[in-house]
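Okay, so here's the structure we're looking at.
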Amino acid sequence: MRATRTQSAVLAQARGLVTIESVYLGEPGAGEVLLRMEACGVCHSDLFVAGLEKLPLAPLTLGHEGIARVEAVGAGVSDWSPGDRAGITFLGTTCGSCEWCGSGRERFCPRQTNFGYTLHGALTEYAIVPAAALVRVPETLAAAEAAPLCCAGWTAFGALREAGLQRGDSVALFGLGGLGHLALQLAKVQGLRIAGVDVSDDKLHMAREWGAEVAVHGENAGRALQKEYGGVDAALVLTPSASAIHQAFRALKRTGTLVLVGLAMNQYELPLVDTVLKGITVRGSYLGTQQDLVEVFNLAAAGLIRAHVEVHSLDETPAVLERLRRGELMGRAVIAW
């Protein structure tokens with residue numbers, strides 16, 4: 001391959017504007033592959049990165065929910081061949097030697113790299129990435145529907161697992177956007193009693209259509225779910241909102257579990273007395289295990305879950321990010337080529 005250029009969604013500097021730029025692209029080096037992107041989801045974490053005061057890499061190509069075809073491989077790459085279908089997630093490389101990598105929890109590796117943050121991401125026509133970071137994607141899945149599974153679906157599955165629920169238990173999902181609409185479907189597959197919570201009437205209507213037992217407005221969700229269930233077994237906060245965390249905590253039954261997923265710089269004061277006296281568990285959940293991701297792809301391939309997407313072109317990315325910031329998107333926005 002000759003050195004060329006690729007059109008990419010670029011964040012030029014911390015807290016800067018996201019623009020579409022022509023970016024230089026060389027040849028894949030040792031251990032790397034050249035990818036031709038088919039689709040990439042637009043995640044709220046892209047907004048989180050764009051709002052940081054400092055960036056580890058700038059200018060930065062955003063995106064970490066990518067589905068692609070391998071175009072070429074660099075020296076030493078034997079597991080991937082041209083034409084193979086590959087997925088990019090937020091997790092890039094890891095050290096492979098720390099206690100977390102050695103126990104199947106490599107997502108907590110302190111020396112990890114991340115696409116769309118410390119590595120250039122997937123919102124681009126072509127990308128050169130470390131081969132070890134790629135995941136295999138079923139051929140039967142449409143690229144636009146498969147892309148959100150690389151983060152939103154994976155993260156939602158991992159969060160439900162962290163909650164430690166059994167069939168018939170109750171779960172409240174706070175935030176019914178890109179993660180939430182997949183978490184709802186996954187919870188239904190697991191036989192859970194589901195309460196959907198959001199501030200959007202349209203999203204609450206969607207939650208009822210997709211199988212939520214109860215759909216309540218976020219403002220008074222804690223009180224409403226205490227009345228409906230006597231408190232829920234677990235509450236997943238899938239949105240970067242301190243008020244949502246507050247309502248989710250109030251919605252829990254005694255010995256319930258609060259799982260925090262949405263990334264934000266907001267602060268929340270933990271009600272210490274209630275946490276202790278009611279035996280509340282508070283957990284953070286970040287991505288999932290490699291087996292979780294395999295399971296998510298398998299469930300989608302079997303038709304048991306489906307990402308509901310709206311498809312856009314790359315040049316629409318800045319406008320899509322603004323709509324995401326305003327909470328106007330239903331399901332997941334995906335950039336497709």
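Sequentially through the range 142-158, phi angles give Karplus couplings (6.51, -1.76, 1.60; θ = phi - 60°) of 4, 4, 5, 7, 6, 4, x, 5, 5, 9, 4, x, 4, 5, 4, 4, x Hz, Gly and Pro residues having no value and appearing as x. Using R0 = 22 Å, the C-beta based FRET efficiency linking residue 243 and residue 265 works out to 0.90.
As a proxy for reagent exposure, ranking 37, 206, 265 by other Cβ atoms within 10 Å from fewest up yields 265, 206, 37. Shape analysis of the chain yields a ratio of the Cα radius of gyration to the Kirkwood radius, Rg/Rh, of 0.98. Starting from the Cα of residue 255, step 7 Å toward the Cβ, then list every residue of the range 272-290 with an amide N under 17 Å from that point. Under cut-off, by backbone N: 275-282. Using a Förster radius of 51 Å, what is the FRET efficiency between residue 301 and residue 276 based on their Cβ-Cβ separation? Nearest 0.05, please. After rounding, the FRET efficiency stands at 0.70.
Computed over neighbours whose Cβ is under 14 Å from that of residue 114, the net charge equals -1, Lys and Arg +1, Asp and Glu -1. Compared with the direct C-alpha span, the chain from residue 316 to residue 283 gains 8.3 nm at full extension, assuming 0.36 nm per residue.
Using the rule -39500 (n - 2.57) for each DSSP H run of four or more residues, divided by the residues of the chain, the 222 nm mean residue ellipticity is -7500 deg cm²/dmol. By the count of other C-beta atoms within 10 Å, a proxy for reagent exposure, 139, 145 are ordered fewest to most as 139, 145. Amide H contacts for residue 7 (H built 1.01 Å from N in the peptide plane; partners 5 or more residues away or on another chain; cut-off under 5 Å): 23, 125, 126. Here the Gaussian network model covers the chain, with springs between Cα atoms less than 10 Å apart; of 207, 75, 147, 75 fluctuates the most. For the range 10-41, list residues with backbone N below 16 Å from a point placed 7 Å from the Cα of residue 54 toward its Cβ? Counting backbone N atoms under 16 Å from the label point, the list is 13-15. Extension gain for the segment residue 105 to residue 14, taken as residue separation times 0.36 nm less the Cα-Cα distance, is 29.8 nm to one decimal. Quick note on the range 153-284: its Rg to Rh ratio, both from C-alpha atoms and Rh being the Kirkwood radius, is 0.92.
Read-outs throughout are calculated quantities, based only on the coordinates presented, and are distinct from any laboratory measurement. None of these values were measured; they are calculated from a predicted model. Positions of Cβ are backbone-derived with ideal geometry, glycine not excepted, and every protein chain shown enters the neighbour counts.
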